[in-house]
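See structure below.
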Amino acid sequence: MKESLLMKIQTGVDIIEVERIKEAIEKQGEAFLKNVYTKNEIDYCENTNKMKYQHYAARFAAKEAVFKAISSKISTNEDDILNKIEIKNEESGKPIVNLEKLNITGIIDMDLSISHLKDYAVASFTVLFES
Ligand SMILES: CC(C)(COP(=O)(O)OP(=O)(O)OC[C@H]1O[C@@H](n2cnc3c(N)ncnc32)[C@H](O)[C@@H]1OP(=O)(O)O)[C@@H](O)C(=O)NCCC(=O)NCCS
């Protein structure tokens, strides 16, 4: 119990319409993709299965959820950081977050969960910081 006083938990959640991301990709193309996604993420969304816009939307929601949880630890604004937050998948398919491109110290553990339907994608992120 005493140890928990030395830690701080932060959570973030986000939901997005798949159509919004589809439109952004169709209208802005490469510029939008490069601004938001890493090359690994684009490869995953383009090649995993036929739900590519759901995968893109889920990653967008995940980045927003991560941003909400870490915003007190960063100084840049949201637009500058989306492609610095990388969503990867373990072999099992479980999503994980790579924050190496952001200089955030004191992270003890973090966890991401993603779900998507035809029209919506949702993500929930939890991070445990040293306080
Ligand atoms: C992994 C599983 C939970 C995904 O659930 P789903 O309802 O098919 O799909 P959702 O839209 O809710 O979730 C998809 C996301 O789950 C995440 N995911 C995949 N495998 C995962 C795993 N092993 N652990 C945690 N998350 C996982 C991924 O992030 C995926 O999105 P992405 O490919 O864009 O990264 C599901 O396919 C599964 O394997 N279930 C096992 C239990 C089962 O068979 N239940 C059937 C009950 S009728």
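Readers should treat all values here as calculations from the given coordinates under stated rules, not as data from a laboratory. Note that this is a predicted model, so its numbers are computed, not measured. Backbone-built Cβ (ideal geometry, glycine too); neighbour counts: all protein chains shown.
With neighbour counts taken as other beta-carbon atoms within 10 Å, the residues ILE81, ILE9 rank, fewest first, as ILE9, ILE81.
Taking amide hydrogens as placed 1.01 Å from N in the peptide plane, the amide H of ILE9 sits under 5 Å from those of PHE129, each at least 5 positions away in sequence or on another chain.
Only helices reaching 24 angstrom along their own axis (Cα) with mean Kyte-Doolittle hydropathy no lower than -0.5 count here, and for the DSSP H runs of the chain these are 52-70.
According to the Cα-based calculation, Rg over Rh for the chain is 0.99, with Rh computed by the Kirkwood formula. Using a Gaussian network model of the chain with C-alpha springs under 10 Å, which one of ILE96, ILE15, ILE74 is most mobile by mean-square fluctuation? It is ILE74.
Within region 57-131, list the GluC sites (Glu not before Pro) lying in a DSSP loop whose Cβ has at most 15 other Cβ atoms in a 10 Å radius. Passing both the DSSP loop test and the Cβ count: GLU90, GLU91, GLU100. Close amide H partners of MET51, meaning residues 5 or more places away or on another chain with modelled amide H under 5 Å apart, do not exist here. Of the trypsin sites (Lys or Arg not before Pro) in region 33-74, the ones in a loop by DSSP (not H, G, I, E or B) with at most 15 other beta carbons within 10 Å are LYS50. You can think of it this way: the chain between LYS118 and LYS73 has 12.8 nm of extra reach, that is 0.36 nm per residue less the Cα-Cα gap.
Around the Cα centre of region 3-130, unit charges on the Cβ atoms of Lys, Arg, Asp and Glu (plus for the first two, minus for the last two) sum to a dipole of about 140 debye.
The fewest-to-most ranking of THR48, THR126 by surrounding Cβ atoms within 10 Å reads THR48, THR126.
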